[in-house]
Amino acid sequence: MNIILLGPPGAGKGTQARHLVDTRGMVQLSTGDMLREAKDSGTEMGKIVAGVMARGELVTDEIVIGLIREKLSGDNGGGFIFDGFPRTLAQADALGDLLAATGQKLDAVIEMEVDDEALVARITARSTCGSCGEVYNDQTKPQPADGKCSKCGASNFKRRADDNEESLRTRLMEYYKKTSPLIGYYYAKGALTKVDGLGEIDAVARAIERVLDKA
Ligand code: AMP
C-alpha cells in the first residue's frame, strides 16, 4: 500500500509517518529528510539547496523528483509513505508516472488538517532526536528530563534551522500557493481523505489507521 501524507509544515506528517513505519513496516520517503542529508553531507546538490531550504522556499521539481525516482525501485516493505512529496502539481504528475512505470499505484492520500495558529505554535516548539528522528514538542512532549531520547537513548537533540518565524511564513505561503492545489487534484481522482490533525498524536494515528484499513 502506497500513501501520501499531505498537509502544511507542522501538520504532523513526519510523526505519523514514523508511526506507520513502526506499526506497518512501511517505508517513509521524506524529501525534506533526503535534502537535509544532502545538505549536511555537503554534496553538490546539498550546496545548491541549502539556501533555498533556509529561506523556506521550494527546491526545484527536477531535484526532488530525481530523489524520489531513485527510491521507488528500492524495497518498499509494507509500502511507501510519501511525506512532504509531492508539493507541486508537476511533482504529483511525475509521481503518478513513476508509480505506473514501476508497476505500483497510489492507495490513499491523507490530508492532515491543522489551523495556522496551531502550526506556528507546533513548529516553533519542535525539536528532534539527532540520532533516530523522534519528534519532541516543548509543550506537549518535552525532551526527557534525563536528557536522553525516549526512543533510542541518544542525547543529541536538534532544532531545524528553518523552524524560525521568518522561514515558516515563507513555507506556509509556498504551501498555500503551490501545494494546496493538490487537495483538489487528489479529490478529483477520488483518492483524498481528510483527517483532523489537531488531536493527540495517538488519536490522529488511529484516524489514519482507519483510513488505511478501508483503502
Ligand atoms: P520538510 O522537512 O518536508 O518540511 O521540508 C523542508 C524543506 O525542504 C522545504 O521547506 C523545502 O525547502 C524542501 N523540500 C522538501 N520537500 C520538497 C518538495 N517535495 N519539493 C520542493 N521542496 C521540498
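The values are calculated or read from the model by the stated rules, or taken from the named source; none is laboratory data. In this text, all values refer to a predicted model and were calculated from it rather than measured experimentally. Reconstructed Cβ throughout: ideal geometry from the backbone, glycine too, with neighbour counts over all protein chains shown. Surface accessibility is based on the protein's heavy atoms, side chains included, excluding ligands, DNA and RNA. Shrake-Rupley method; radii C 1.70, N 1.55, O 1.52, S 1.80 Å.
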Which one of these does LEU99 not meet: (1) part of a helix (DSSP H, G or I); (2) within 11 Å of the ligand (Cβ to nearest atom); (3) open to solvent by less than 20 Å² (accessible area, probe 1.4 Å)? (2)
Taking the options ALA54, ALA94, name whichever one is within 10 Å of the ligand (Cβ to nearest atom) and surrounded by fewer than 21 Cβ atoms within 10 Å (Cβ to Cβ). ALA54
Report the residue count in the stretch 57-80 for those that are under 22 Å from TYR176 (Cα atoms), more than 8 Å from the ligand (Cβ to nearest atom) and open to solvent by less than 50 Å² (accessible area, probe 1.4 Å). 1
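Here are some residues: LYS189, LYS178. Which one is open to solvent by 60 Å² or more (accessible area, probe 1.4 Å), basic (Lys, Arg), under 18 Å from PHE85 (Cα atoms) and within 14 Å of the ligand (Cβ to nearest atom)?
Working: LYS189 fails: within 14 Å of the ligand (Cβ to nearest atom).
Testing whether each residue is open to solvent by 60 Å² or more (accessible area, probe 1.4 Å), basic (Lys, Arg), under 18 Å from PHE85 (Cα atoms) and within 14 Å of the ligand (Cβ to nearest atom) leaves just LYS178.
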So if I check each of GLN28, GLN104, which one is within 12 Å of the chain's Cα centre (by Cα), open to solvent by 10 Å² or more (accessible area, probe 1.4 Å), more than 8 Å from the ligand (Cβ to nearest atom) and in contact (Cβ under 8 Å) with a residue 12 or more places away in the chain? GLN28
Taking the conditions exactly as written (under 28 Å from ALA94 (Cα atoms) and β-branched (Val, Ile, Thr)), does ILE201 satisfy them or not? no
Mind counting the residues in the stretch 83-119 that are at pLDDT 95 or above and polar (S, T, N, Q)? 2
Restricting attention to the stretch 31-51, and to residues there that are hydrophobic (A, V, I, L, M, F, W, C) and open to solvent by less than 40 Å² (accessible area, probe 1.4 Å), which single residue is farthest from LEU99 (Cα to Cα)? ALA50
